[in-house]
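*Asks:* Here it is, the structure in full.
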Amino acid sequence: MNTPETATITIGDESYEFPLLVGSEGEVGIDIGQLRKLTGCITLDPGYGNTGSCTSAVTFVDGEKGILRHRGYPIEDLAANSSFIETAMLLIFGELPISSEREEFRTRLREQELLHEDLLHHFDGFPPNGQPMAILSAVVNSLSSYHPDLLDIQSDEEFRMAVAKIISKVRTIAAFSYRKSVGRPFMYPNPNLSYCSNFLHMMFSNPYTTYMPTPEAIRALSLFLIVHADHEQNCSCSTVRMVGSSQANLFASVSSGICALWGRLHGGANAAVIDMLDHLQAGDLSIKQYLELVKQKKMRLMGFGHRVYKNFDPRARILKSAAHNLIQNMDTQDDELIRIAQELEDAALNDDYFTSRKLYPNVDFYSGLILRALGIPVNMFPVMFAIGRMPGWIAHWYEEFCDPQLKIHRPRQVYIGKTTRQYIPIELR
Ligand code: ACO
């Protein structure tokens, strides 16, 4: 059936026509831009499950079919063939780079990997056990004070410079926040190392020993970052776009994305998965008992379910196999955790409660196992997610920045509070 060009909304005796917008993958949106003007009504959609906040050419997700594509490229292809930096360039600049472009960008990243020495004092202001996520968002926001020339981007060159600073420095800031939390000296970046190796070096080398990650560890980290690179209008991306819509600068906007990512239902879920698996390993509850509590809605099966994916999350498949590849040759207790994760997944996927609600493993179900096997502590998990998601946030901020139709985001509400009341002096209340 051909998609009609308009949708009709009838309110009482009146009918109104609204244009339909068809996306390049056939998604249809009703453009209700004139709804309030014509009818006096607004739409109400708490959680925005039915609301398109923008048009976007960055990432396509089909949750029913389990499809995720960045700029048209399937995530499976990118995971198999690309690097995190190349995927970041694809998302941010719109195309896969040719060799010279990739080299030029890598050079920029190398040049930007140090932090201003004065910025290092900020780390001293946090308590020894300060939350790395709080440190990350604060220090990323502080970058704006060190680069006032990039607050009001006027050219492609300025944008590329801001991108290089954020993508490169976020990894240094993240590693330094970890070093601060464990009371170890900051390890300065090594420009001879790749993006992922350099991060692991800053995390785990010491002044007297150089950390040598295995190729499997570098590959697993790269895959982790690639699969987190963007996921269209999720909570943190929408936050970045919301903040950016006020024409806030790129540093401030992505730092707000870090805060949005922090919550348990978003970037905090991978840590919650490990917590859950640890409890199961400790024998506090059997898998069956745990799932019973979940079904009684006393708790949630963390790492399961997704607002958009109602079939499977393609990122979970990629990370599941990466977790197995990384952990199978390691002599760690993570072996046991991955076995429990597999049993839990099998049990849930054979249970009508989960299948009838279309609850499947999401990206977080296996990502925590990878991070843990890499030696990354649980309070750093959302920080790792933030490093991975940075290219997506930047791509969306820039798409909005370049939109000549951009309006400040300002949703409305249906007010359900008290109607007018007269002020009562305190002695009479
Ligand atoms: N465990 C048990 N039941 C669940 C779960 C879960 N993980 N997720 C959803 N449900 C149930 C709900 O209780 C609800 O049941 P009902 O119809 O009987 O009331 C039904 O499934 C629909 O759930 P909603 O909460 O409406 O789904 P929503 O789309 O709002 O939530 C979310 C999506 C937040 C991801 C949810 O599935 C969840 O809390 N998952 C666990 C946390 C998690 O893994 N988050 C990471 C998401 S991926 C990411 O951010 C990168």
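*Asks:* Any idea what the relative contact order of region 1-160 is, in percent, if you count C-alpha pairs under 8 Å spaced at least 6 apart?
*Replies:* Numbers: 96 pairs, mean separation 11.8, N = 160.
That works out to 7 percent.
*Asks:* Please compute the net charge surrounding Ser99, taking Lys and Arg as +1 and Asp and Glu as -1 over other residues with Cβ under 11 Å from its Cβ.
*Replies:* Numbers: positive: Arg102, Arg106; negative: Glu86, Glu101, Glu103, Glu104.
In short, -2.
*Asks:* Continuing with the same structure: How large is the helix-only mean residue ellipticity at 222 nm for the chain, computed as the sum of -39500 (n - 2.57) over DSSP H runs with n ≥ 4, divided by its residue count, in deg cm²/dmol to the nearest 500?
*Replies:* -16000 deg cm²/dmol, from helical runs alone.
*Asks:* For the chain, with the dipole built from +1 on Lys and Arg beta-carbon atoms and -1 on Asp and Glu ones, taken about the Cα centre, which of Ala57, Cys402, Ser205 lies farthest toward the positive end?
*Replies:* Of Ala57, Cys402, Ser205, it is Ser205.
*Asks:* Now for a different question. Along region 8-17, what does the Karplus equation 6.51 cos²θ - 1.76 cosθ + 1.60 (θ = phi - 60°) give for ³J(HN,Hα), rounded to whole Hz, x for Gly and Pro?
*Replies:* 10, 10, 10, 10, x, 8, 9, 10, 10, 9
*Asks:* Using 0.36 nm times the number of residues separating Thr55 and Met212, minus their current alpha carbon distance, what extension gain do you get?
*Replies:* 52.1 nm
*Asks:* Of Lys288, Lys418, Lys165, which has the most accessible area and how do the rest follow, probe 1.4 Å?
*Replies:* Descending order: Lys288, Lys418, Lys165.
*Asks:* Direction-averaged shadow area of the convex hull around the Cα atoms of region 272-392, nm²?
*Replies:* On the way: hull surface 30.8 nm².
Result: 7.7 nm².
*Asks:* From the cross-link list Lys295/Lys320; Lys288/Lys310; Lys165/Lys358; Lys298/Lys407, which pairs have alpha carbons spaced over 30 Å apart?
*Replies:* The pairs that break the limit, which is 30 Å between Cα atoms, are Lys165/Lys358; Lys298/Lys407.
*Asks:* Okay, next question. Which FRET efficiency, nearest 0.05, do Lys407 and Asp149 yield, Cβ-Cβ r, R0 35 Å?
*Replies:* Step by step, r from the Cβ atoms, then E = 0.80.
*Asks:* For the chain, what does the relative contact order come out to in percent, with C-alpha contacts under 8 Å and a separation of six or more? Mind dumping the intermediate values first?
*Replies:* Details: 560 pairs, mean separation 87.6, N = 429.
Computed over the chain, the figure is 20 percent.
*Asks:* A further question on this structure: How much of the accessible area of the chain, in percent, comes from carbon and sulfur atoms when a 1.4 Å probe is used? Don't jump to the answer; show the numbers that get you there.
*Replies:* Values: 11270 of 21800 Å².
Answer for the chain: carbon and sulfur cover 52 percent of the accessible area.
*Asks:* Here's a follow-up. Magnitude of the Cβ-charge dipole of region 100-231, K/R +1 and D/E -1, about the Cα centre, nearest 20 debye?
*Replies:* Values: 12 positive and 15 negative charges, 129 e Å.
The calculation lands at about 620 debye.
*Asks:* Quick check for you: with a 1.4 Å probe and neighbouring chains kept, what is the accessible area per residue of region 38-130, in Å²?
*Replies:* 54 Å²
*Asks:* Now a separate question. For region 30-127, compute Rg over Rh where Rg is the Cα radius of gyration and Rh is the Kirkwood radius from the inverse mean 1/r over Cα pairs.
*Replies:* Numbers: Rg = 21.1 Å, Rh = 18.0 Å.
Taking Rh as the inverse mean 1/r over Cα pairs, Rg/Rh reads 1.17.
*Asks:* Seen from all sides and averaged, what is the projected area of the convex hull of the Cα atoms in the chain, in nm²?
*Replies:* That works out to 28.2 nm², a quarter of the Cα hull's surface.
*Asks:* On average, how much accessible surface per residue is there in region 201-357, in Å², for a 1.4 Å probe, leaving out ligands, DNA and RNA?
*Replies:* Working: 7160 Å² over 157 residues.
With the other protein chains kept in place, region 201-357 gives 46 Å² per residue.
*Asks:* Determine the dipole magnitude for the chain: charges of +1 sit on the beta-carbon of Lys and Arg, -1 on that of Asp and Glu, nothing else is charged, the reference point is the Cα centre, and the result goes in debye to the nearest 20.
*Replies:* Details: 40 positive and 49 negative charges, 235 e Å.
With only Lys, Arg, Asp and Glu charged at Cβ, the dipole is about 1120 debye.
*Asks:* So if I take the alpha carbon set of region 157-254, get Rg, then get Rh from the Kirkwood formula, what is the Rg over Rh ratio?
*Replies:* Over the Cα atoms of region 157-254, Rg/Rh equals 1.03.
*Asks:* Now, a different point. Can you tell me which aspartates and glutamates have their Cα less than 19 Å from the Cα of Lys180? Leave out same-chain residues fewer than eight positions away.
*Replies:* List returned: Glu113, Glu117, Asp118, Asp124.
*Asks:* Further, regarding this structure: Just by accessible area at a 1.4 angstrom probe, what is the order of Trp262, Trp393 from largest to smallest?
*Replies:* Trp262, Trp393
*Asks:* Under 10 Å, Cα contacts only: if you run a Gaussian network model on the chain, which one of Asp13, Asp364, Asp403 comes out with the highest mean-square fluctuation?
*Replies:* Top of the fluctuation ranking is Asp13.
*Asks:* Same structure, new question: Using Cα springs under 10 Å in a Gaussian network model of the chain, which residue among Gly72, Gly125, Gly12 shows the largest mean-square fluctuation?
*Replies:* Residue with maximal mean-square fluctuation among Gly72, Gly125, Gly12: Gly12.
*Asks:* Go ahead and set up a Gaussian network model of the chain, Cα springs under 10 Å, then flag whichever of Leu225, Leu250, Leu406 fluctuates most.
*Replies:* In this elastic network of the chain, the residue with the biggest mean-square fluctuation among Leu225, Leu250, Leu406 is Leu406.
*Asks:* Under 8 Å for C-alpha pairs, at least 6 residues apart: give me the relative contact order for region 304-429, rounded to a whole percent. Kindly include the intermediate steps, with their values, before the conclusion.
*Replies:* Details: 75 pairs, mean separation 39.1, N = 126.
It comes to 31 percent, rounded to a whole number.
*Asks:* May I ask you to rank Ile424, Ile42 by accessible area, largest first, using a 1.4 Å probe over the protein chains only?
*Replies:* Ile424, Ile42
*Asks:* OK, next. Using the Kirkwood formula over every pair of different C-alpha atoms, what hydrodynamic radius in Å results for region 290-361? List each step's numbers first, then the result.
*Replies:* Values: mean 1/r = 0.0756 Å⁻¹.
Over region 290-361, the inverse of the mean reciprocal pair distance is 13.2 Å.
*Asks:* Give me the 1.4 Å probe accessible area per residue for region 375-418, excluding ligands and nucleic acids, in Å².
*Replies:* Details: 2280 Å² over 44 residues.
Result: 52 Å² of accessible area for each residue.
*Asks:* Please report, in debye to the nearest 20, how large the charge dipole of region 349-410 is about its Cα centre when each Lys and Arg carries +1 at its beta carbon and each Asp and Glu carries -1 there. List each step's numbers first, then the result.
*Replies:* On the way: 6 positive and 6 negative charges, 25 e Å.
The dipole of region 349-410 has a size of about 120 debye.
The values are calculated or read from the model by the stated rules, or taken from the named source; none is laboratory data. Given the structure is predicted, the values throughout are model-derived calculations rather than measurements. Quick reminder, even Gly has a Cβ in these numbers, built from the backbone with ideal geometry, and neighbours come from all protein chains shown. Note: accessible area is taken over every heavy atom of the protein model, side chains too, but ligands, DNA and RNA are not part of it. Shrake-Rupley method; radii C 1.70, N 1.55, O 1.52, S 1.80 Å.
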